[in-house]
Amino acid sequence: MSTENARRILQRDSQPHLFRPLTLRSVETRNRIMMSPMCQYSAQDGLADEWHFAHLAARAVGGAGIVCVEACHVEPRGRITKHCLGLWNDQQRDQLARIAAFVAAQGAVPAIQIAHSGRKGSVSRPWEGTQPLAATDGAWEVIAPSALPFGNRTTALRAMDDAAIAEVIAAFRQATRRAREAGFKILELHAAHGYLINEFLSPSSNQRADRYGGSFENRARFLLETIDTIRDEWPVDLPLFVRLSVTEWAPGGWDIDDTIRLCRMLKARGDVDLIDCSSGGNDPAQRVPTHPGYQVPFAERVRRETGIATGAVGLISAPEAAEEIVANGRADLVVLGRILLFDPYWPLACRQCAQSQDRALAGPI
């Protein structure tokens, strides 16, 4: 190739940004692709079974850098449905340990999300209508910052007193311990989608008059105290992620400016390593303008204005889109859901495609 041609012909980067490693504390990922924690609603008694093993193992074999187990609820009343995973006993821990070991053996980083559903619990599965359970079907009383139902649901609901708050924070501590014992290397705290921590953060669902309600600082207190207790159990050399609903997409609710303010606090504390930037879920009146990459600007702004690492999520399916997000510094990770459900080997296929294009461009002109 002549010097002039070399100058004029576009040269592809032989190492796409999407496939460069990411280091977070002592953990290094093989690429910037994270499998999103996606509820399967397929457990009995909170126990992972062969379905969960096959589901997660396939994505580890398929090349994802981080494979994250769906929301594992820290106590029985914190489940969304009767068929959600749990991490409130040692049997659940041991079933998940098998998955963590297999995922790690395939070169992926095993991650797990811990959660509490708050007022959105005690309902049927999505394909059964997400309806409040009847007493004859095992309904339970749900807890929340304030006795405000989600939409027009009729689920039995109780506002949390100080004792209930302490119980739930202690449950997060024990779930964290079990996640560590099971061999997971990344822990994600679910503070999004209208579940318990999100309910405390948002003025639309938190109408308390005590130290957990009212001002921004008070509404953030439950999250910060939960992070404190998690960090007491989670090793200092392992990363902690927090999933946030960056905006509620509804008037009077939590918005992106609130998220920026919170993330600056988290960055200053130094105990959270990445914000998984999602949105919505706390107000049934939300209006979400969904399209490919619709949440990417949230990850970009949080990263730019707070200096904390972010994960971009939301209808990302094209390899070029994923590469653009990482290469242009809009997020540190792409967090993929639907596309990995459709194709567990999407990461390997993308890598193979990039290598094939490199070889084609390296040939004679």
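The values are calculated or read from the model by the stated rules, or taken from the named source; none is laboratory data. Just so we're clear, the structure is a prediction, and the values are computed from it rather than from any experiment. Methodologically, a virtual Cβ is constructed for each residue, glycine included, from the backbone with ideal geometry; neighbour enumeration extends over all protein chains shown. Areas reflect the complete protein model, heavy atoms only, side chains present, ligands, DNA and RNA absent. Shrake-Rupley method; radii C 1.70, N 1.55, O 1.52, S 1.80 Å.
Quick notes on this one:
- Choice from Ala179, Ala43, Ala54 showing the highest fluctuation, given a GNM over the chain with Cα pairs closer than 10 Å: Ala54
- Mean Cβ neighbour count within 10 Å, used as a protection proxy, ranking 184-192, 310-318 highest first: 184-192, 310-318
- Residue-by-residue Karplus 3J(HN,Hα) for the stretch 195-209, coefficients 6.51, -1.76, 1.60, Hz, glycine and proline x: 7, 3, 5, 4, 4, 5, 5, 7, x, 7, 10, 10, 10, 6, 10
- Residue (of Thr290, His190, His73) at the positive-pole extreme of the chain, dipole from beta-carbon charges: Thr290
- The listed residues Met265, Met38 rank as Met265, Met38 when sorted by accessible area, largest first, using a 1.4 Å probe.
- Here the Karplus curve 6.51 cos²θ - 1.76 cosθ + 1.60, taken at θ = phi - 60°, turns the phi angles of the stretch 87-94 into couplings of 9, 9, 9, 6, 5, 4, 4, 5 Hz, with x standing for Gly and Pro.
- Partner lysines whose Cα lies under 28 Å from the Cα of Lys82, excluding those fewer than 8 positions away in the same chain, are identified as Lys120, Lys185.
- Relative contact order (%) - the chain, alpha-carbon pairs under 8 angstrom, separation at least six: 17 percent
- Since only Gln207, Ala331, Gln95 are under comparison, the one whose Cα sits farthest along the positive direction of the charge dipole of the chain, derived from C-beta charges on Lys, Arg, Asp and Glu, is Ala331.
- Assigned charges on the beta-carbon of Lys, Arg, Asp, Glu; the stretch 223-325 dipole about Cα centre (debye): 260 debye
- Put simply, when 156-164, 298-306 are sorted by average Cβ atoms within 10 angstrom per residue, most first, you get 298-306, 156-164.
- Charge sum, other residues only, whose C-beta stays under 14 Å from Arg30's C-beta, Lys/Arg counted +1 and Asp/Glu -1: +4
- Solvent-accessible area assigned to carbon and sulfur over the chain amounts to 52 percent, based on a 1.4 Å probe.
- In order through the stretch 38-51: 3J(HN,Hα) via Karplus (6.51 cos²θ - 1.76 cosθ + 1.60), integer Hz, x for Gly, Pro: 10, 4, 9, 6, 10, 9, 10, 6, x, 9, 5, 10, 5, 4
- What you get for the chain, charging only the Cβ of Lys and Arg (+1) and of Asp and Glu (-1), is a dipole of about 580 debye around the Cα centre.
- Solvent exposure of the stretch 68-132, expressed per residue, is 31 Å² of accessible area, with all protein chains present and a 1.4 angstrom probe.
- Difference of contour (0.36 nm per residue) and Cα-Cα distance, Cys353 to Arg177: 59.3 nm
- Report summary: the helix-based calculation at 222 nm, which adds -39500 (n - 2.57) for every DSSP H run with n ≥ 4 and divides by the residues of the chain, gives -11500 deg cm²/dmol.
- Since only Ala57, Ala166, Ile143 are under comparison, the one whose Cα sits farthest along the positive direction of the charge dipole of the stretch 55-197, derived from C-beta charges on Lys, Arg, Asp and Glu, is Ala57.
- With the Kirkwood sum run over all distinct C-alpha pairs, the stretch 67-179 has a hydrodynamic radius of 15.1 Å.
- For the stretch 40-72 versus the stretch 302-329, the gap between their alpha-carbon centres in whole angstrom: 24 Å
- Counting 0.36 nm for each residue step from Thr130 to Val236 and taking away their Cα separation leaves a gain of 34.3 nm.
- A simple count of charges around Ala321, restricted to other residues whose Cβ falls under 14 Å of its Cβ and scoring Lys, Arg +1 and Asp, Glu -1, yields -1.
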